[in-house]
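The values are calculated or read from the model by the stated rules, or taken from the named source; none is laboratory data. Since this is a predicted model, take the numbers as computed values, not measurements. Cβ placement follows ideal geometry from the backbone for every residue including glycine, while neighbour counts extend to all protein chains displayed. The protein model used for the area step is the full one, side chains on, heavy atoms only, and it has no ligands, DNA or RNA in it. Shrake-Rupley method; radii C 1.70, N 1.55, O 1.52, S 1.80 Å.
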Amino acid sequence: MKEKPSFNSYLATALLSIAGSIQYGKLKKASRNPRKASEQTLRRILRNGKDTEYGRLHDFDYILAAKDDVELYRRYAEKVKVSDYEDFRPFIERHKNGEADVLVPGHPYMYATTSGTTSEPKWVPITDVYLKNVYGKMTKVWLYNFIKNRPHVFYGPIVSIVGKVIEGYAPDGTVFGSVSGVTQRDCPKFVKKLYTAPAEVFTIADYHARYYAIMRLGIEHDTHLVVTANPSTIVEMQNNVNEYFDDYCNDIEHGTMSAKVNIPDDVRKALVPYLKPNPERAAELRALKAQYGTVLPKHYWPNMQILNTWKCGNTQVYLDKFKDSFPESMLHQEFGYFSTECRFGLVLDDTNYTVMFPHYHYYEFVAEDEIESENPHFLQLHELEQGKRYCPYVTTFAGLYRYNMNDLVEVATPFLNTPRVFLIQKINGIVTMTGEKLHERQFIAAVKAAEEAIGRQTKFFVGFADLEQSAYHFYYEFADQNTTQADAEAFTAVVDENLKKMNIEYEAKRASFRVKDPITHRLVEQSFEKFKAACIAEGARDGQFKMNLLMQDEKRHAKFKALVVD
């Protein structure tokens, strides 16, 4: 079914092109001279925060009196030390309890919550100015960029997966919730009309019911754009299709939403305008099942223009699960280097390289080989070298100053004169028990090489360091569930040898028995999906859900122990 573009589709394309091109021009201007843009941005951020308690404690007025950029950066580093979230928590707690002008001017507009290094979650402040610029103006660039890459992207509906706008309230009444949800809520009406589902869908607590509603509404249409940061969400969407396809068809035929799924009455009421009998589409979908058996996105969304997800870091294990599932002509675009703490930039083409915002964030970097140094040398944006890896630190209009992103990024070819970057892994994706410093990317490469050497494929894998046993536990969900324990252990032996070749410290620790033989476990089918569902049942957000494939995390390790084949 190819839906004819509506007047609204043409309107959205025209207006987003105009608004986006204006902001794109400002991004290009800043990117032509990143040194100048960095100085101007840091000065604006410091002026914005100079009358807060944090600004007074850290002598922002003194820093701003610097005569040039070199002196500005020196004074800034002198007065403001590198920080992580726990350094800001006391200031944020005071804001949450009603105090003004502590970390940010006035009060935060809202908070975005995410997991922290302690048992307490992070409450990341989002200010009006941050929301207006980074999630307002730059979102226009993001949408305009879709049009530049695929001119007909808005000629059909959009499936967009976001978080709940309101998840709760701080003690002073300030909202905490999903910034992506707020962005979608506040988008222009002509864009809202393109979404296949209302915002109420994302409030559905039941995991399977939420995906049922999203996909039942999405699969009815000739969807052109799918946006969800986490590619594991695409896997969940297709699993839902595989399980409930016949129910979708019945619902689409009759204009209903199945009573089998646990959807609250208020959400069902909000869905009524989206539900109309469509027997023609139901017949088309049934014919696809009769023809293909397993119906994939390339069958039910043949005119898809863009899929926008993360493709960097450790996401390959999820990308492999839907390889060849989408139309060949579709652009699978990298979502970009992005976190709750900082929307670092945007990917503007078919590479994985993020274009940074030198006019909205101030960036600093430490080279990979200095990350563990007591006195690392901090580099400015214009000093980065292509092909080298760094840990970034950001200063934002949302109250984060010299914030350690705890990520390892690699510098790619520039956008105009400003370096682009792509995420390699979290710094905490490096695990060490006795100094071996085993990288997550090495573990992934070792498993992939073992698959190629032996011819035995995995559907999912994960590793955990066990300090008590001084050994790594390797868990695999094999494509062939008849794989025996002996076969699995033989696979691990190859992985182990690959790791020795990739990491001389690991090889030395294995040779000296300081790191013992890895321990092998076989996982049940859909192990990752079951693990993710368990985490979400405990309160994790599916849109934000991330995990490393090599960890030292007993809480997560315990969940995988429960998914081992008997």
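At a 1.4 Å probe radius, carbon and sulfur cover how many percent of the accessible area of the chain?
Within the chain, the accessible surface is 51 percent carbon and sulfur.
Can you list, bin by bin at 10 Å, the percent of alpha carbon pairs in region 428-566, starting at 0?
12, 44, 35, 9, 0
Tally Lys/Arg at +1 and Asp/Glu at -1 over every other residue whose Cβ is under 15 Å from the Cβ of GLN386; what's the total?
The answer is -1.
In cubic angstrom, how much convex hull volume per residue do the alpha carbon atoms of region 178-222 span?
Spread over its residues, the Cα hull of region 178-222 gives 68 Å³ apiece.
Would you mind counting up the charge near ASP350? Only other residues with Cβ under 12 Å from its Cβ, with Lys and Arg at +1 and Asp and Glu at -1.
Cβ neighbours under 12 Å give a net charge of +1.
Would you please put 213-220, 266-273 in order of how densely packed they are, using the mean number of other Cβ atoms within 10 angstrom per residue and starting with the highest?
Result, highest mean first: 213-220, 266-273.
When the Kirkwood radius is taken over all Cα pairs of the chain, what Stokes-Einstein diffusion coefficient follows at 25 °C and 0.890 mPa s, in µm²/s?
97
Do you know the relative contact order of the chain, to the nearest whole percent, from alpha carbon pairs under 8 angstrom that are 6+ apart?
That works out to 13 percent.
For GLY163, what residues show an amide H to amide H distance below 5 Å, using hydrogens built from the backbone and excluding near sequence neighbours?
Placed amide hydrogens put SER180, GLY181 under 5 Å from GLY163.
What area, in nm² and to one decimal, does the C-alpha convex hull of region 476-539 cast on average over all directions?
5.9
Can you work out the Karplus-derived ³J(HN,Hα) for every residue in region 188-199? Use 6.51 cos²θ - 1.76 cosθ + 1.60 with θ = phi - 60°, whole Hz, and x for glycine or proline.
Per residue, the Karplus-derived 3J(HN,Hα) values read x, 4, 5, 7, 4, 5, 8, 6, 6, 10, x, 4 Hz.
Using Cα pairs under 8 angstrom and six or more residues apart, how large is the relative contact order of region 88-223, in percent?
Dividing the mean separation by the residue count of region 88-223 yields 22 percent.
Calculate the spin-label point distance for THR294 paired with GLN469, positioning each point 7 Å from the Cα along the beta-carbon direction, and give it in nanometres.
3.2
With Kirkwood's inverse mean 1/r over C-alpha pairs for Rh, give me the Rg to Rh ratio of region 273-396, two decimals please.
Value, to two decimals: 1.17.
Return the distance in nm (one decimal) between the two label points of a simple spin-label model at ASP172 and THR432, each offset 7 Å from Cα along Cα→Cβ.
Computed distance between label sites ASP172 and THR432 equals 4.1 nm.
Of the listed peptides 464-472, 52-60, what is their order by residue-averaged count of other C-beta atoms within 10 Å, with the highest listed first?
52-60, 464-472
Accessible area per residue for the chain in Å², computed with a 1.4 Å probe and the full protein assembly in place, what is it?
So the chain comes to 42 Å² accessible per residue, rounded to a whole number.
Considering only C-alpha atoms, what is the centroid distance from region 226-279 to region 447-469, in Å?
35
Excluding LEU72 itself, calculate the net charge of residues whose Cβ lies under 13 Å from the Cβ of LEU72, where each Lys or Arg counts +1 and each Asp or Glu counts -1.
+1
In Å and on Cα atoms, what radius of gyration and Dmax does region 66-198 show?
Every Cα atom of region 66-198 included, Rg and Dmax give 18.6, 53 Å.
Using the Kirkwood radius over Cα pairs, work out the Stokes-Einstein diffusion coefficient for region 360-519 at 10 °C and 1.306 mPa s, in µm²/s as a whole number.
Rounded, D is 89 µm²/s.
Determine, from the Cβ-Cβ distance of ASP369 and ASP206 and an R0 of 45 Å, the FRET efficiency 1/(1 + (r/R0)^6), rounded to the nearest 0.05.
0.40
More than 18 Å apart: what percent of Cα pairs in region 182-299 qualify?
Summing the P(r) tail past 18 Å for region 182-299 gives 51 percent.
Only helical DSSP H runs with n ≥ 4 go in: add -39500 (n - 2.57) per run for the chain, normalise by residue count and round the 222 nm mean residue ellipticity to 500 deg cm²/dmol.
The helix contribution divided over the chain gives -12000 deg cm²/dmol.
Within the chain, what percent of beta bridges assigned by DSSP are antiparallel, to the nearest 5?
70
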